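The values are calculated or read from the model by the stated rules, or taken from the named source; none is laboratory data. Quick caveat: nothing in here was measured; it's all calculated off a predicted structure. Virtual Cβ from ideal backbone geometry, glycine too; neighbours counted across all protein chains shown. SASA here: full protein model, heavy atoms, side chains in, ligands and nucleic acids out. Shrake-Rupley method; radii C 1.70, N 1.55, O 1.52, S 1.80 Å.
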Amino acid sequence: MSGLSLKDVTKRFGDFKAVDTVNLDVPHGTFVCLLGPSGCGKTTLLRMIAGLEDPSEGAIVLDGSDITPVPTHKRDFGMVFQSLALFPHLTVGQNIAYPLRIRNRPREEQARRVDELLKLIHLSGFAERPVAKLSGGQRQRVAIARALALSPRLFLLDEPLSALDAKLREAMQVELRQLQQRLGVTTIVVTHDQREAMTMADLVVVMGEGRIRQAAPPIEIYRRPADAFVADFIGSTNLLEASADGAGRATVFGRPVAGLSMPSGLARAVLSIRPEDVRLAAAGTGAFDGTVTFVRDLGATIETFVEAGGETIVAVATPRDKPDVGLGQAVGVVLSPDACVLLTR
Amino acid sequence: MRREPPRNLADYAPLAFPALMLTVFFVVPFSIMIAVSFFRRDPAGFYTPDFVVDNYARFLSVFFGGVLGFSLVLAVLVAACCVAIAFPFTFLLTRCSRRVQTVWLVCLLSVLSLSEVIIGFAWSTLFSRTAGITNLLVAAGLMEAPQALLPGFGAVLTGMVYQALPYTVLVLYPALVRLDPTLLEAARTLGASPTRAFLNVVVPALRNTIVATLIMVFVFALGSYLLPQILGRPQHWTLSVLITDQAIYQSNMPFAAAMAVFLVLITLALVGLMLMVGRKESAA
């Protein structure tokens, strides 16, 4: 198979399993985001793919051949580190040419490649600058160019944008995605920012406690999360305790939700509904009633906090369909059955 | 943090203490030494104030030129050996666990508590024919008969490298600990083997530290006057040995002072040259 396969990859540090039996197939040219809270093993997994850590068990297979025993410097990958790790004693051009110089490519080829890459990252004419004289965003681009100088078989990035401010980060996400699509290189990015993953990835891999919780395209992860952990991690969501009544219907706060039935054999579950899917109506007309405790008007969206049965439910609306509710008012919370997902804990 | 330029006299107050110390312990003694170097030697007593250049004139001979040259070459060799050994050692040390690092550093610090005399006599025993390390080689069947390894140039060099090595490690340690370990990993992902990554990333990234350490060990080795006497032959004696000899045994303070001043000037000139070359290289 063309592409990257991880087979039962496990990494133990003493008794602690940082990565636990990970199986994943990444087709050639895919943009993958490894997503998870800190300490979930995503960076360790990336470092094993890069060869910087040896897996305790399992195999890493690239284009049909097992690369697990291949040392890092013979893998021909490009990697961007969180610290960027630009060589401080070299200029921008020398940094980008480093992988070519190591392989003794002719000087003309090095110079040509540096020019191409500088054009690609919109830094033409910067070749002679020392890296210390660059801004954060420019360093970021140089690190990316250096990792791409060799046309790597795999392009790996460890939290590459975390040092940038929010605005620059969003711009770089788009740029990185466009760059990857133009080059068609298989790319794996580690991030803890779900917006970043949603923006860039073909395939989002959500990890928790060393295991893959769900691997799917971003919109599927968002719409059909595999469990409560994934639902909570990807975007904000309302999680409510649900249980089955005698007729197999799902009930919340003891009242059945119209049109929603529990999966058979399941007595208790967690109902997840995105804030933008929650509608507010007149008291008594929704699935249950609650009291408005706070309204946050952010201009582009209005968030209404409703308390019901000891839980706080957030509803997000656009100014156009702004709910006509006031603080302390009783409202009905409408849970549309196709927006609800029932999950196991 | 932005610093305001000093505005009135009180802002310069923090300078007073270091300035006082420098004056009392460096400027004054050094000035006295310069003055003495122009005095006339009095064979009956010590010296009489005067202004003669005989002391410097006497120094300008083939013999003293040879000694000066030998001293400088020896100091350069000691500095080069120390950095060549200590740099990879310290680099590997910083990759070890905290505990291992502490144990090594404590051991190195304990070596510093040994005086030059003890180091000299310890090595003279180790290099001797009767009780030296060659006996071990004989026992291991690598040599036929035990051999004396001293007096000789190798013995002097070994002793001085041994003496300067802990200082070298301690000067290199902070810089190597602060070195971003991902630099090395980045070089490896870009295709450099660990050894190559060390040579063309770690070493050049710490060039300034290495130059500073070389200068420090060089100056340190120039001042060594006991080890060459204990471990070497008279032709291995450095200028420092001759200065000691003139000052203490020949009671010729003016000549000793002249040699010392000359040594300081040569050292300053060499260090300045090294810094200039270094700056030119980094600018290019």
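Mind checking whether some residue in segment A:168-180 is open to solvent by 60 Å² or more (accessible area, probe 1.4 Å) and β-branched (Val, Ile, Thr)? Yes - at least one qualifying residue is present in segment A:168-180.
Residue B:255 satisfies every condition listed in (1) touching an Asp or Glu at 6+ places or on another chain (Cβ under 8 Å); (2) more than 29 Å from residue B:89 (Cβ to Cβ) except (1).
Conditions tested, residue by residue: (1) touching a residue at least 60 places away in the same chain (Cβ under 8 Å); (2) more than 11 Å from chain B (Cβ to nearest Cβ); (3) over 24 Å from residue A:164 (Cα atoms); (4) open to solvent by 10 Å² or more (accessible area, probe 1.4 Å).
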site	(1), (2), (3), (4)
A:8	no, yes, yes, yes
A:12	no, yes, yes, yes
A:31	yes, yes, no, no
A:84	yes, no, no, yes
A:95	no, no, no, no
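Contact map, segment A:35-64: residues that are over 23 Å from residue A:233 (Cα atoms) paired with residues that are open to solvent by 30 Å² or more (accessible area, probe 1.4 Å) and of a type in the set (Gly, Ala, Ser), Cβ distance under 9 Å, separation 6+ or inter-chain. Pairs shown: A:48/A:58; A:63/A:2; A:64/A:2.
Of all residues in segment B:223-234, those being open to solvent by 30 Å² or more (accessible area, probe 1.4 Å) and either within 14 Å of chain A (Cβ to nearest Cβ) or touching a residue at least 12 places away in the same chain (Cβ under 8 Å) (or both) number 6. Does segment A:157-175 include one or more residues that are of a type in the set (Ser, Thr, Tyr) and under 18 Å from residue A:34 (Cβ atoms)? Looking for residues that are of a type in the set (Ser, Thr, Tyr) and under 18 Å from residue A:34 (Cβ atoms), one finds at least one in segment A:157-175, hence yes. When we screen A:298, A:335 for residues that are over 18 Å from residue A:226 (Cα atoms), open to solvent by 40 Å² or more (accessible area, probe 1.4 Å) and modelled with pLDDT of 85 or more, the only hit is A:298. Of the residues that sit in segment A:273-295 and are at pLDDT below 85 and farther than 16 Å from residue A:328 by Cα, which one is surrounded by the fewest Cβ atoms within 10 Å (Cβ to Cβ)? Only one residue tops the list, namely A:285. Restricting attention to segment A:249-262, the residues that are open to solvent by less than 60 Å² (accessible area, probe 1.4 Å) and under 17 Å from residue A:343 (Cβ atoms) add up to 6.
Results for (1) modelled with pLDDT under 90; (2) within 14 Å of chain B (Cβ to nearest Cβ), shown as yes or no for each residue.
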residue: A:106; (1), (2): no, no
residue: A:122; (1), (2): yes, no
residue: A:137; (1), (2): yes, no
residue: A:142; (1), (2): no, yes
residue: A:147; (1), (2): no, yes
residue: A:154; (1), (2): no, yes
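Being within 14 Å of another protein chain (Cβ to nearest Cβ), more than 13 Å from the chain's Cα centre (by Cα) and either of a type in the set (Phe, Trp, Tyr) or in a helix (DSSP H, G or I) (or both): is that true of residue B:136 here? No. Residue A:120 falls short on exactly one of the conditions (1) of a type in the set (A, V, I, L, M); (2) open to solvent by 50 Å² or more (accessible area, probe 1.4 Å); (3) more than 17 Å from residue B:205 (Cβ to Cβ), and that condition is (2). Would you be able to say whether some residue in segment B:158-171 is within 14 Å of chain A (Cβ to nearest Cβ), over 25 Å from residue A:96 (Cβ atoms) and touching a residue at least 24 places away in the same chain (Cβ under 8 Å)? The answer is no, given that none of the residues of segment B:158-171 is within 14 Å of chain A (Cβ to nearest Cβ), over 25 Å from residue A:96 (Cβ atoms) and touching a residue at least 24 places away in the same chain (Cβ under 8 Å).
Considering segment A:182-246, the qualifying strands (runs of 3 or more DSSP E), each wholly inside and each with 1 or more residues that are surrounded by fewer than 18 Cβ atoms within 10 Å (Cβ to Cβ), run over A:211-216, A:238-244. Among the residues of segment B:241-263, are any under 13 Å from the mean Cα position of the chain (by Cα) and either away from every other protein chain (no Cβ under 14 Å) or aromatic (Phe, Trp, Tyr) (or both)? Among the residues of segment B:241-263, not one is under 13 Å from the mean Cα position of the chain (by Cα) and either away from every other protein chain (no Cβ under 14 Å) or aromatic (Phe, Trp, Tyr) (or both), which makes the answer no. All conditions in (1) touching a Cys at 6+ places or on another chain (Cβ under 8 Å); (2) in a loop (DSSP other than H, G, I, E, B) hold for residue B:168, with the sole exception of (2). For segment A:142-158, the count of residues that are β-branched (Val, Ile, Thr), part of a helix (DSSP H, G or I) and touching a residue at least 24 places away in the same chain (Cβ under 8 Å) is nonzero.
Scanning segment B:206-222 for residues that are open to solvent by less than 30 Å² (accessible area, probe 1.4 Å) and either within 12 Å of chain A (Cβ to nearest Cβ) or not in a helix (DSSP H, G or I) (or both) gives B:206, B:210. Taking the conditions (1) open to solvent by less than 60 Å² (accessible area, probe 1.4 Å); (2) at negative phi; (3) within 14 Å of chain B (Cβ to nearest Cβ); (4) not hydroxyl-bearing (Ser, Thr, Tyr) in turn, residue A:126 satisfies each one other than (3). Condition check for residue A:68 on (1) within 14 Å of chain B (Cβ to nearest Cβ); (2) part of a loop (DSSP other than H, G, I, E, B); (3) β-branched (Val, Ile, Thr): one failure, at (1).
Annotation: residue B:147 fulfils all but one of (1) within 29 Å of residue B:67 (Cα to Cα); (2) surrounded by 17 or more Cβ atoms within 10 Å (Cβ to Cβ); the unmet one is (2).
Screening residue B:98 against (1) out of contact with any Ser or Thr (no Cβ under 6 Å at 6 or more places or on another chain); (2) open to solvent by less than 50 Å² (accessible area, probe 1.4 Å) leaves a single unmet condition, (2).
Taking every residue in segment A:311-340 that is under 20 Å from residue A:260 (Cβ atoms) and in a loop (DSSP other than H, G, I, E, B) and pairing it with any residue that is among the basic types (Lys, Arg) and open to solvent by 20 Å² or more (accessible area, probe 1.4 Å), at least 6 positions away or on another chain, the pairs with Cβ-Cβ distances below 9 Å are A:336/A:279.
Residue count for segment B:173-188 under the criterion of being open to solvent by less than 20 Å² (accessible area, probe 1.4 Å) and either of a type in the set (Gly, Ala, Ser) or facing chain A (nearest Cβ under 7 Å) (or both): the result is 4.
Among the candidates A:88, A:71, A:106, A:99, the residue that is surrounded by 23 or more Cβ atoms within 10 Å (Cβ to Cβ) and over 24 Å from the mean Cα position of the chain (by Cα) is uniquely A:99.
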